[in-house]
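Okay, structure first, notes after.
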Amino acid sequence: MKVCHITTVHKANDVRIFHKQCRSLQKHGFFVNLIAPNVKNQEIEGVKIIGLKPIKENRFYRIFKLSKTAYKLAIETNADIYHFHDPELLRIGLKLRKKGKKVIYDAHEDLPRQILTKHWINPILRKATAFLIEKYENYAATKMSAIIGATSHISNRFSSVNALSININNYPIISEFENSLIFNENNYIVYSGGISKERGIVEIINAIEDTQIQLLLAGKFLDPKLENELHLLKGWKNVSYLGFLSRSEISNVYKKSSIGMVTLHPTLNYKDSLPVKMFEYMASGIPIIASNFSKWKEIIDEHKCGITVNPKDSNDIKTSIENMINNPKEAKEMGENGKRAIANVFNWKIEEQKLIELYTNL
């Protein structure tokens, strides 16, 4: 069976799209095409990559022009199943459905709630924009062959408009972290991922000022101006900024770290999310300090793999970090518990089975 994954936003080597879904499908005998931006036509690990070449980088060009090119390339693959990953591609998903194609919409985020946090949209217009987008997204969802949500919160939202709505969580591939077995009794904490105020970076840096704690910071600044602002903070001298790292490089950083930080702010979008990095820390055997959102707290308390804090309280964060560092035996046990939870519950192997079952029965 021939399938075609489509994205105009994500990189061709995106972890969820390529490393997890495309590779899993190829391994199970599907012929897999992946249409993605800023990449040459090539074949990687049995997956045929079809490159989109954006002429401009602005958002509106991508939504209104690049999607047309993606649609043309998608039609040329003559796939049995189309699977797209960006809400801006809903229009081409509808067009493919009109042609009688089987189409899956993979919702990585709760878009309407995410819109409410977008600073590039006028605050006065955000609620109206979120309302209209939710109406359109729900309408389009009724026409899709299936809906995949990256969390149960997202898939549950669509279940009222499309009966074939399932969640396929973004849990780690265990083999990528099998060698992360050594617990480090040191003062290194790690934050990996997109860097923004909403993801709690200011509070983390303020928490480590006037301490011996060192932050290994890996990822891209979502707002380029923020980096200059952070340099002015007293705690910045305790930060080693590593930039954007490859999968193998970030795994090596985890091996050097004693605590993983995931203290995102309580926005509507984040409170119901399941952050990939939290599970990667667990897979690496690192105890975690996470925001005290009910869903996260439930996971962490049940599996005894970390501590939850008020993400906007630097003193709370500081106290929790110091407690872990000063109690290495308990911290090591938390790390081991997290790794066990990944092996038994939160891993891609389980999610892969759900993906293959969906494709087989579609």
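The values are calculated or read from the model by the stated rules, or taken from the named source; none is laboratory data. Predicted model, so just to flag it, every value in this text is computed and none were measured. Cβ atoms come from the backbone with ideal geometry, glycine included; neighbour counts cover every protein chain shown.
Data table
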read-out: Some residue of segment 328-336 being within 17 Å of the chain's Cα centre (by Cα) and over 19 Å from G219 (Cα atoms); value: no
read-out: Only one of H19, H85 that is closer than 22 Å to S175 by Cα, in the same structural domain as P112 (by TED's automatic domain parsing) and under 24 Å from the mean Cα position of the chain (by Cα); value: H19
read-out: Residue in segment 73-88 that is within 25 Å of K27 (Cβ to Cβ), in a helix (DSSP H, G or I) and aliphatic (A, V, I, L, M) present; value: yes
read-out: Top-ranked residue of segment 165-176 - restricted to ones that are outside any strand (DSSP E or B) and touching a Ser or Thr at 6+ places or on another chain (Cβ under 7 Å), ranked as modelled with the highest pLDDT; value: N169
read-out: Residue match in segment 338-350 (condition: among the β-branched types (V, I, T), under 19 Å from the mean Cα position of the chain (by Cα) and assigned to a helix (DSSP H, G or I)); value: yes
read-out: Qualifying residues in segment 41-83 (those that are surrounded by fewer than 16 Cβ atoms within 10 Å (Cβ to Cβ), modelled with pLDDT under 95 and among the basic types (K, R)) - the one nearest to Y105 (Cα to Cα); value: K68
read-out: All positions within segment 215-228 that are surrounded by 19 or more Cβ atoms within 10 Å (Cβ to Cβ) and either closer than 19 Å to N315 by Cα or acidic (D, E) (or both); value: L215
read-out: Criterion: assigned by TED's automatic domain parsing to the domain that holds H83, within 26 Å of N344 (Cα to Cα) and of a type in the set (G, A, S) - qualifying residue of A150, A141; value: A150
read-out: Segment 10-37: number of residues that are more than 19 Å from L355 (Cβ to Cβ) and touching a Lys or Arg at 6+ places or on another chain (Cβ under 7 Å); value: 0
read-out: Set D106, D110: member being more than 30 Å from F31 (Cβ to Cβ), assigned by TED's automatic domain parsing to the domain that holds K11 and among the acidic types (D, E); value: D110
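Here's the yes/no breakdown for (1) polar (S, T, N, Q); (2) farther than 30 Å from E176 by Cα; (3) touching a residue at least 40 places away in the same chain (Cβ under 8 Å):
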site: C4; (1), (2), (3): no, no, yes
site: K20; (1), (2), (3): no, no, yes
site: A36; (1), (2), (3): no, no, no
site: N41; (1), (2), (3): yes, no, no
site: G51; (1), (2), (3): no, no, no
site: L90; (1), (2), (3): no, yes, yes
